[in-house]
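Working notes, structure below.
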Amino acid sequence: MAHVSIIGTGNMGPAIAGVVTKGGNTVELLGRGDADTPVTGEVVVLAVPHPAVADVIAQRGDQLAGKVVVDLTNPLDFETFDSLVVPADGSAAAEIAAALPRSRVVKAFNTTFAATLVSGTVGGQPTTVLIAGDDADAKSLLAGIVTAGGLRAIDAGSLRRARELEALGFLQITLAAGEEIAWTGGFAVAA
């Protein structure tokens, strides 16, 4: 059984918490008012908007050492909604990994909407969580949590694939914001 800490209580935090507990794992949700509460999970999900990540790392960086840190951010330009704010050859996940060298950073959950995590399906297919990272054990641990919670997990490769995952997440968000797809839909992976 794994213990997961989720930093952020927007839509994604509770949705991921539901997946975690459905699989028999334990979870703690930490919001803004919990800055003094230590992170106790072996897996820590950063369920905050990309602009808030730097503050989380500044406040909790030492607490994240040795832990699997899951980045679900999509680093889009919130002012224009028309681009990513990371270099073309980089990713938010790579920046987080550089800022947390003693953590095992993986990218996941950024290509799913909260509603599809709750329902467990997208277009009649199981909701798929794509996972990218350089630490095989960290990816395996997260994949086990995801599959125990009733979802499909796919290893998307090394942390270098986070760039493509972030581009896919960005596309999905802009389609939903433009009302081309529903926030209850998204991309399905038929395996």
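Screening Gly33 on (1) of a type outside the set (Phe, Trp, Tyr); (2) farther than 16 Å from Thr111 by Cα; (3) modelled with pLDDT of 95 or more; (4) not in a loop (DSSP other than H, G, I, E, B) shows it passes everything except condition (3).
Mind counting the residues in segment 39-51 that are closer than 18 Å to Ala17 by Cβ and open to solvent by 10 Å² or more (accessible area, probe 1.4 Å)? Residues in segment 39-51 being closer than 18 Å to Ala17 by Cβ and open to solvent by 10 Å² or more (accessible area, probe 1.4 Å): 6 in total.
Taken over segment 128-137, the criterion of being free of Cβ contacts under 8 Å to residues at least 60 places away in the same chain and part of a loop (DSSP other than H, G, I, E, B) is satisfied by Asp134 alone.
Residues of segment 87-127 that are touching a helix residue (DSSP H, G or I) at 6+ places or on another chain (Cβ under 6 Å), open to solvent by 60 Å² or more (accessible area, probe 1.4 Å) and not in a helix (DSSP H, G or I): Arg104 alone.
So which residues in segment 140-172 are touching a Leu at 6+ places or on another chain (Cβ under 9 Å), part of a helix (DSSP H, G or I) and open to solvent by less than 30 Å² (accessible area, probe 1.4 Å)? Selection gives Leu165, Glu166, Gly169. What number of residues within segment 149-182 satisfy the criterion of being within 17 Å of the chain's Cα centre (by Cα) and either of a type in the set (A, V, I, L, M, F, W, C) or more than 19 Å from Ala92 (Cβ to Cβ) (or both)? Selection size over segment 149-182: 16. Flag: Leu76 matches the condition of being modelled with pLDDT under 95 and open to solvent by less than 30 Å² (accessible area, probe 1.4 Å). Residues that are of a type outside the set (A, V, I, L, M, F, W, C) and either in a helix (DSSP H, G or I) or without any contact (Cβ under 8 Å) to a residue 12 or more places away in the chain (or both) within segment 36-53 comprise Asp36, Thr37, His50, Pro51, listed in sequence order. Does Glu28 satisfy the criteria of being in a strand (DSSP E or B) and either open to solvent by 30 Å² or more (accessible area, probe 1.4 Å) or over 16 Å from Leu165 (Cα atoms) (or both)? So Glu28 fits the description; yes.
The values are calculated or read from the model by the stated rules, or taken from the named source; none is laboratory data. Because the structure is a prediction, the values reported are computed rather than measured. A quick note on method: Cβ atoms are made from the backbone with ideal geometry, for glycine too, and the neighbour counts reach across all protein chains shown. Just the protein is used for accessible areas: all its heavy atoms, side chains included, with ligands, DNA and RNA removed. Shrake-Rupley method; radii C 1.70, N 1.55, O 1.52, S 1.80 Å.
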